Amino acid sequence: MDKILIYGSRPLSGSTKVSGSKNSSLPILAATLLTRERCVVQGVPDLSDTHYMLQILTYLGAQVERASGTVSVAAEKVQSVAPYDVVRKMRASVCVLGPLLGRCKEATVSLPGGCVIGDRPIDLHLKGFEALGATVRVKGGNIKVFAPKLAGAVINMQGRFGPTVLGTDNVMMAAVLADGMTVIEEAAQEPEVVDLANFLNEMGAKIEGAGTRRIIIEGVSALHGTEHRVIPDRIEAGTFLVAGAIAGKGVTVARVKPEHVCSVTDALARCGFRIEIGADWISVSPNGDASPLELATEPYPGFPTDMQAQMCALVSTSRGTSFVTENIFPRRYMHVAELKRMGAQVQLDGATAVIQGVDRLLGAPVMASDLRASAALVLAGLKADGITEVSRVYHIDRGYERLDEKLSDLGAHIERVKAA
Ligand code: EPU
């Protein structure tokens, strides 16, 4: 398994470009199953998660071609069963359920297990399919959904921890080919949901309201091929902004949609960093000592859970005491024990991390546990004295395109040690 070594305390400066969004690409690639015609998706990042999704599409019968960030999928014929071996590597593979149900009126997909960030149930996805008229059966670790026909319905996507992103996506993808009108209430408002709705509309769907709490879908009889470019990855953008804040003299993050990362730039400004915003770039630079922060994760447009770990790394060395509360995945704190190994002072009080800023972090061998926790450890390593060795780098490769190379271009001393 590869490792990443970070020789800390080297100031970052310059500019980096954000890749296409992982969490847009995954459902959009799944949505290509909804038509027999060829779809071309541009800006798909080169990540293990996007590779897994293409493997699943290929298994299901699609012809897939990939040249750099451009992926072409032609799903002239598809089969509707995705077994454990094919889907187990990635929880987001659950988002083939909606398009398969929409197109084939049946789908069998192995149930996603829990993961280190929490239980990850899919009850709301299934409730949505049932409302559209599908029967749901769980047997032998597989989930089977089938319906003689799908009919529009009113569906509420609110769960205990807010609306569900992939659940909203899944129901939207099933409903575009249902008879009549579907109304999704308490829909997730994330930009990735809007990107998927735009893609589906470009395929001939009739969706209104994506990005608001109510999405209205008028079913159509068929969709056609299209070409689409995915939005920039707002979590990668946020991660580089925090990198600039934690270790930068002045870092610009380019090819970003600033409106998608307002909650992150607001939080950094509250910490005292100087933020400048252009049409498609944001720069961050130090402005004296960083202040402590009170922060809580919320569904979009609130502060993203996918940036919580990185902020914990940042405030580990701010003055005073910071409070970071995780409202979406209350157990998403795998990074805390590792940050503590680097000298951070963090206490968990339920879903709140109470972080007493220290003057310096010290490099240490640490283990990546999930994608964003791993990014947080790399960021902490940029600030730490000495060498930080992050193992299990495959977690980072699931969701950050060339993170080590991009940080190196900004002046970090970082190297990847290839597994023998
Ligand atoms: N939930 C339910 N029932 C459901 C579905 C979700 O109770 O049927 C709960 C979850 O347990 C959680 C909350 O609802 O407490 C929100 O989960 P959501 O369904 O929105 O998560 P997701 O759609 O499975 C996507 C991203 C995650 C991101 C979350 C929240 C993708 C591929 N994944 O997951 O991204 O953390 O939304 O914003 O889009 C990541 O990129 O590192 C990542 C984990």
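The values are calculated or read from the model by the stated rules, or taken from the named source; none is laboratory data. Computed from a prediction, not measured in an experiment: that's the story for all the values here. All Cβ positions, glycine included, derive from the backbone under ideal geometry; neighbour counts span all protein chains shown. Just so you know, the surface numbers come from the protein's heavy atoms only, side chains and all, with ligands and any DNA or RNA stripped out. Shrake-Rupley method; radii C 1.70, N 1.55, O 1.52, S 1.80 Å.
Miscellaneous remarks
- Remark: region 191-235 carries a charge dipole of roughly 180 debye about the Cα centre, counting +1 on each Lys and Arg Cβ and -1 on each Asp and Glu Cβ.
- Selection from Pro299, Ala187, Thr32, by position along the positive dipole direction of the chain (Cβ): Thr32
- Region 322-410 shape via C-alpha gyration tensor axes, a/c threshold 1.5: oblate
- Kirkwood-type hydrodynamic radius, region 205-249: 14.4 Å, calculated from all non-identical alpha-carbon pairs.
- Residue-count net charge about Ser283 - beta-carbon cut-off 14 Å; Lys, Arg +1, Asp, Glu -1: +2
- Largest GNM mean-square fluctuation among Val136, Val193, Val264, using the chain with Cα springs under 10 Å: Val136.
- On the beta carbon distance between Ala151 and Arg360, with R0 = 60 Å, the FRET formula returns roughly 0.45.
- Rg then Dmax, both in Å and based on the Cα atoms of region 135-238: 14.5, 44.
- √(5λ) per eigenvalue of the Cα gyration tensor, the chain, largest first, Å: 38, 21, 20
- Computed over protein heavy atoms with a 1.4 Å probe, the accessible surface of the chain works out to 39 Å² per residue.
- For Ile143, the residues 5 or more places off, or on other chains, whose built amide H falls under 5 Å of its own are Val109, Ser110, Leu111.
- Put a dot 7 Å past the Cα of Thr70, heading toward its Cβ, do the same for Ala337, and the two dots end up 4.7 nm apart.
- Paramagnetic reach from Met367 in region 115-159 [backbone N under 18 Å; point 7 Å along Cα→Cβ]: 115-118
- Note on the chain: with charges restricted to the Cβ of Lys and Arg (+1) and Asp and Glu (-1), its dipole about the Cα centre is near 680 debye.
- Val183-Lys77 FRET efficiency (beta carbon distance; Förster radius 35 Å; 0.05 resolution): 0.60
- Cross-link table Lys22/Lys257; Lys249/Lys418; Lys340/Lys383; Lys77/Lys105; Lys127/Lys149; Lys17/Lys406, entries beyond 20 Å C-alpha to C-alpha: Lys249/Lys418
- Per atom type, the chain shows carbon and sulfur on 49% of its accessible surface, probed at 1.4 Å.
- Global geometry of region 109-149, whether rounded, prolate or oblate, following the gyration tensor of its Cα atoms and the 1.5 cut on a/c: oblate
- Under the simplified labelling scheme, the Lys418-Gln345 pair shows an inter-label distance of 4.4 nm, with each label point 7 Å from Cα along Cα→Cβ.
- Label-point separation in nm, Lys127 to Ser408, each point 7 Å along Cα→Cβ: 4.8 nm
- Cα gyration tensor, region 52-199 - rounded (a/c under 1.5), prolate or oblate: rounded
- In region 1-101, a dipole from Cβ-located charges (positive for Lys and Arg, negative for Asp and Glu) runs towards its positive end, and of Leu5, Val71, Val18 it is Leu5 whose Cα lies farthest in that direction.
- Part-to-part distance (alpha-carbon centres) for region 206-264 and region 346-405, which is given in Å: 24 Å
- In the chain, a dipole from Cβ-located charges (positive for Lys and Arg, negative for Asp and Glu) runs towards its positive end, and of Gln345, His51, Leu379 it is His51 whose Cα lies farthest in that direction.
- J(HN,Hα) series, region 176-188, from Karplus relation 6.51 cos²θ - 1.76 cosθ + 1.60, nearest Hz, glycine and proline x: 5, 10, 7, 6, x, 9, 10, 10, 9, 8, 6, 6, 5
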